[in-house]
Amino acid sequence: MKKSFLLVIIMIASSLTTINAQKFADLQKSPTDIAYARSERSAKPDIKVVYSRPQKKDRKIFGELVPYDKVWRTGADEATEIKFFKDVKLGEKSIPAGTYSLFTIPGEKEWTVIISSVTDVWGAYDYDESNDVARFKVAPSTGKEVEAFSIAFEKVDAGYHMKLGWDTTIVAVPFML
(Lines give C-alpha, C1' and ligand atoms only; values in the text may rest on other atoms or scores of the structure.)
Protein backbone atom coordinates (compact mmCIF):
# COMPACT_ATOMS: atom_id res chain seq x y z
CA MET A 1 0.00 0.00 0.00
CA LYS A 2 2.81 2.40 0.90
CA LYS A 3 4.50 1.66 -2.46
CA SER A 4 1.27 2.38 -4.38
CA PHE A 5 0.72 5.63 -2.51
CA LEU A 6 4.32 6.68 -3.13
CA LEU A 7 3.97 5.83 -6.85
CA VAL A 8 0.79 7.96 -7.11
CA ILE A 9 2.55 10.91 -5.41
CA ILE A 10 5.52 10.62 -7.79
CA MET A 11 3.21 10.51 -10.83
CA ILE A 12 1.27 13.58 -9.67
CA ALA A 13 4.47 15.51 -8.94
CA SER A 14 5.89 14.56 -12.34
CA SER A 15 2.78 15.71 -14.17
CA LEU A 16 2.77 19.05 -12.31
CA THR A 17 6.40 19.59 -13.21
CA THR A 18 5.67 18.80 -16.86
CA ILE A 19 2.70 21.18 -16.95
CA ASN A 20 4.76 23.99 -15.44
CA ALA A 21 7.65 23.28 -17.82
CA GLN A 22 5.55 23.90 -20.95
CA LYS A 23 6.16 27.46 -22.11
CA PHE A 24 4.65 28.65 -25.35
CA ALA A 25 6.05 31.57 -27.29
CA ASP A 26 4.18 34.85 -27.32
CA LEU A 27 2.73 36.07 -30.60
CA GLN A 28 5.33 37.41 -33.00
CA LYS A 29 5.77 41.16 -33.19
CA SER A 30 6.33 40.72 -36.94
CA PRO A 31 4.03 37.86 -37.96
CA THR A 32 5.16 35.33 -40.53
CA ASP A 33 3.24 35.25 -43.81
CA ILE A 34 3.38 33.46 -47.16
CA ALA A 35 2.83 34.87 -50.64
CA TYR A 36 2.23 32.64 -53.66
CA ALA A 37 2.59 33.27 -57.39
CA ARG A 38 -0.01 31.12 -59.17
CA SER A 39 -1.35 31.24 -62.70
CA GLU A 40 -4.83 30.88 -61.20
CA ARG A 41 -6.23 30.50 -57.71
CA SER A 42 -6.45 26.70 -57.66
CA ALA A 43 -3.19 26.07 -59.56
CA LYS A 44 0.00 24.82 -57.96
CA PRO A 45 2.36 27.68 -57.14
CA ASP A 46 5.21 28.73 -59.38
CA ILE A 47 6.85 30.80 -56.61
CA LYS A 48 6.39 30.86 -52.82
CA VAL A 49 7.78 33.48 -50.44
CA VAL A 50 7.89 33.04 -46.65
CA TYR A 51 8.60 36.28 -44.81
CA SER A 52 7.94 38.22 -41.61
CA ARG A 53 5.86 41.41 -41.70
CA PRO A 54 7.21 44.26 -39.56
CA GLN A 55 4.81 47.10 -38.79
CA LYS A 56 5.35 50.78 -39.56
CA LYS A 57 4.07 52.08 -36.18
CA ASP A 58 4.47 55.78 -37.12
CA ARG A 59 8.18 55.32 -37.90
CA LYS A 60 10.12 56.56 -40.91
CA ILE A 61 10.95 53.33 -42.70
CA PHE A 62 13.35 53.65 -45.64
CA GLY A 63 16.44 55.69 -44.96
CA GLU A 64 16.05 55.35 -41.17
CA LEU A 65 14.61 52.08 -39.77
CA VAL A 66 15.81 50.32 -42.93
CA PRO A 67 18.98 52.19 -43.94
CA TYR A 68 19.69 53.03 -47.55
CA ASP A 69 22.56 51.27 -49.31
CA LYS A 70 22.82 48.39 -46.79
CA VAL A 71 21.76 44.77 -47.23
CA TRP A 72 18.30 44.17 -45.74
CA ARG A 73 16.69 40.80 -44.95
CA THR A 74 13.56 42.08 -46.77
CA GLY A 75 11.22 41.75 -43.81
CA ALA A 76 11.93 40.94 -40.18
CA ASP A 77 13.39 38.07 -38.18
CA GLU A 78 14.80 35.31 -40.42
CA ALA A 79 15.87 36.27 -43.91
CA THR A 80 12.99 36.05 -46.36
CA GLU A 81 12.86 32.69 -48.11
CA ILE A 82 11.87 32.34 -51.76
CA LYS A 83 11.15 29.03 -53.45
CA PHE A 84 10.96 28.64 -57.23
CA PHE A 85 9.05 25.55 -58.30
CA LYS A 86 10.33 26.06 -61.87
CA ASP A 87 13.41 27.64 -63.36
CA VAL A 88 12.95 31.43 -63.58
CA LYS A 89 14.81 34.41 -64.99
CA LEU A 90 15.56 37.60 -63.11
CA GLY A 91 16.70 40.01 -65.78
CA GLU A 92 19.21 38.07 -67.88
CA LYS A 93 20.12 35.68 -65.06
CA SER A 94 18.59 32.18 -65.02
CA ILE A 95 17.81 30.79 -61.58
CA PRO A 96 17.26 27.03 -61.20
CA ALA A 97 14.21 25.76 -59.33
CA GLY A 98 15.00 25.58 -55.62
CA THR A 99 14.90 27.45 -52.32
CA TYR A 100 16.89 30.63 -51.72
CA SER A 101 17.06 33.68 -49.45
CA LEU A 102 15.83 37.03 -50.72
CA PHE A 103 17.80 40.11 -49.72
CA THR A 104 17.54 43.67 -50.98
CA ILE A 105 19.64 46.80 -50.82
CA PRO A 106 17.16 49.69 -50.67
CA GLY A 107 18.16 53.00 -52.17
CA GLU A 108 16.35 56.27 -52.76
CA LYS A 109 16.40 55.89 -56.55
CA GLU A 110 17.32 52.23 -57.03
CA TRP A 111 17.02 48.93 -55.19
CA THR A 112 19.21 45.88 -55.66
CA VAL A 113 17.34 42.58 -55.40
CA ILE A 114 19.53 39.65 -54.36
CA ILE A 115 18.83 35.92 -54.59
CA SER A 116 21.25 34.05 -52.29
CA SER A 117 21.96 30.33 -52.10
CA VAL A 118 22.25 30.45 -48.29
CA THR A 119 19.00 29.71 -46.43
CA ASP A 120 17.85 29.51 -42.81
CA VAL A 121 19.77 32.57 -41.65
CA TRP A 122 18.74 35.20 -39.12
CA GLY A 123 18.55 38.64 -40.65
CA ALA A 124 21.32 39.80 -42.97
CA TYR A 125 24.06 39.83 -40.35
CA ASP A 126 26.10 37.07 -42.02
CA TYR A 127 25.23 37.99 -45.61
CA ASP A 128 28.05 37.10 -47.99
CA GLU A 129 27.98 38.35 -51.59
CA SER A 130 29.89 35.26 -52.75
CA ASN A 131 26.67 33.26 -52.21
CA ASP A 132 24.64 35.43 -54.62
CA VAL A 133 22.86 33.49 -57.35
CA ALA A 134 21.43 36.63 -58.98
CA ARG A 135 21.31 40.41 -58.56
CA PHE A 136 18.91 42.75 -60.27
CA LYS A 137 18.33 46.50 -60.02
CA VAL A 138 14.83 48.00 -59.91
CA ALA A 139 13.47 51.49 -59.37
CA PRO A 140 11.10 52.02 -56.42
CA SER A 141 7.81 53.80 -56.89
CA THR A 142 5.42 55.55 -54.53
CA GLY A 143 1.95 54.32 -53.72
CA LYS A 144 -0.70 54.18 -51.02
CA GLU A 145 0.67 53.77 -47.48
CA VAL A 146 1.05 50.16 -46.30
CA GLU A 147 1.26 49.67 -42.50
CA ALA A 148 2.77 46.16 -42.51
CA PHE A 149 5.53 45.12 -44.91
CA SER A 150 3.81 43.10 -47.62
CA ILE A 151 4.68 40.90 -50.58
CA ALA A 152 2.22 40.06 -53.37
CA PHE A 153 2.44 38.73 -56.91
CA GLU A 154 0.93 40.14 -60.06
CA LYS A 155 0.61 37.83 -63.08
CA VAL A 156 2.14 39.25 -66.27
CA ASP A 157 2.41 37.65 -69.73
CA ALA A 158 5.76 35.94 -69.27
CA GLY A 159 5.76 35.44 -65.51
CA TYR A 160 5.12 37.51 -62.39
CA HIS A 161 5.98 40.80 -60.79
CA MET A 162 6.71 40.29 -57.12
CA LYS A 163 5.63 43.49 -55.39
CA LEU A 164 7.29 44.55 -52.15
CA GLY A 165 5.38 47.27 -50.32
CA TRP A 166 5.90 49.14 -47.08
CA ASP A 167 5.12 52.68 -46.01
CA THR A 168 4.59 54.43 -49.37
CA THR A 169 7.34 52.52 -51.22
CA ILE A 170 6.58 49.84 -53.79
CA VAL A 171 9.18 47.76 -55.62
CA ALA A 172 8.20 45.45 -58.50
CA VAL A 173 10.60 42.57 -59.18
CA PRO A 174 10.06 40.85 -62.57
CA PHE A 175 10.41 37.05 -62.56
CA MET A 176 9.98 35.44 -65.96
CA LEU A 177 9.16 31.76 -66.40
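The values are calculated or read from the model by the stated rules, or taken from the named source; none is laboratory data. Values in this document were obtained by computation on a predicted structure and should not be read as measured data. Please note: Cβ atoms are built from the backbone with ideal geometry, for glycine as well, and neighbour counts cover all protein chains shown.
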Query raised in the report: Is segment 89-103 home to any residue that is in contact (Cβ under 8 Å) with a residue 24 or more places away in the chain, in a loop (DSSP other than H, G, I, E, B) and of a type outside the set (F, W, Y)?
Result: yes
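Just to be sure before I move on: is L27 closer than 23 Å to E129 by Cα and out of contact with any Ser or Thr (no Cβ under 9 Å at 6 or more places or on another chain) in the structure I sent? So that I can check it myself, show each step before the final result.
Numbers: closer than 23 Å to E129 by Cα: no; out of contact with any Ser or Thr (no Cβ under 9 Å at 6 or more places or on another chain): yes.
Considered against the rule, which asks whether it is closer than 23 Å to E129 by Cα and out of contact with any Ser or Thr (no Cβ under 9 Å at 6 or more places or on another chain), L27 comes out as no.
A quick yes/no check of all residues on (1) buried (at least 17 other Cβ atoms within 10 Å of the Cβ); (2) farther than 19 Å from F136 by Cα:
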position	(1), (2)
Q22	no, yes
Q28	no, yes
A35	yes, yes
R41	no, yes
K60	no, yes
I82	yes, no
Query raised in the report: Can you tell me which residue in segment 92-105 is nearest to Y51 (Cα to Cα), limited to those that are under 16 Å from the mean Cα position of the chain (by Cα) and exposed (fewer than 15 other Cβ atoms within 10 Å of the Cβ)?
Result: T99
Requested in this report: Looking only at segment 137-151, count how many residues are touching a Leu at 6+ places or on another chain (Cβ under 7 Å) and more than 17 Å from V50 (Cβ to Cβ).
Outcome: 0
Report task. Kindly check whether there is at least one residue in segment 127-141 that is within 16 Å of the chain's Cα centre (by Cα) and farther than 17 Å from R38 by Cα. Result -> yes
Query raised in the report: Do we find a residue being at pLDDT 95 or above and on the phi > 0 side of the Ramachandran plot anywhere in segment 143-152?
Result: no
Query raised in the report: Among the candidates E154, E108, which residue alone is of a type outside the set (A, V, I, L, M, F, W, C), farther than 17 Å from P54 by Cα and not in a loop (DSSP other than H, G, I, E, B)?
Result: E154
Query raised in the report: For segment 1-50, what are the residues that are modelled with pLDDT under 90 and either part of a strand (DSSP E or B) or among the polar types (S, T, N, Q) (or both)?
Result: S4, S14, S15, T17, T18, N20, Q22, Q28
Query - Residue ID - nearest to the chain's Cα centre (by Cα), chosen from residues in segment 164-177 that are assigned to a strand (DSSP E or B) and closer than 15 Å to L90 by Cβ - result: L164
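Can you tell me which of K109, K93, K70 is more than 21 Å from F175 (Cα to Cα) and among the basic types (K, R)? Break it down stepwise before answering.
Numbers: K109 fails: more than 21 Å from F175 (Cα to Cα); K93 fails: more than 21 Å from F175 (Cα to Cα).
One residue alone meets the criteria, K70.
Might you let me know whether segment 108-116 holds any residue that is in contact (Cβ under 8 Å) with a residue 60 or more places away in the chain and under 14 Å from the mean Cα position of the chain (by Cα)? I'd like the intermediate steps shown before the answer.
Kept after step one, since they are in contact (Cβ under 8 Å) with a residue 60 or more places away in the chain, are these residues of segment 108-116: 111, 113.
Right, trim to under 14 Å from the mean Cα position of the chain (by Cα) and you get 113.
Yes: one or more hits.
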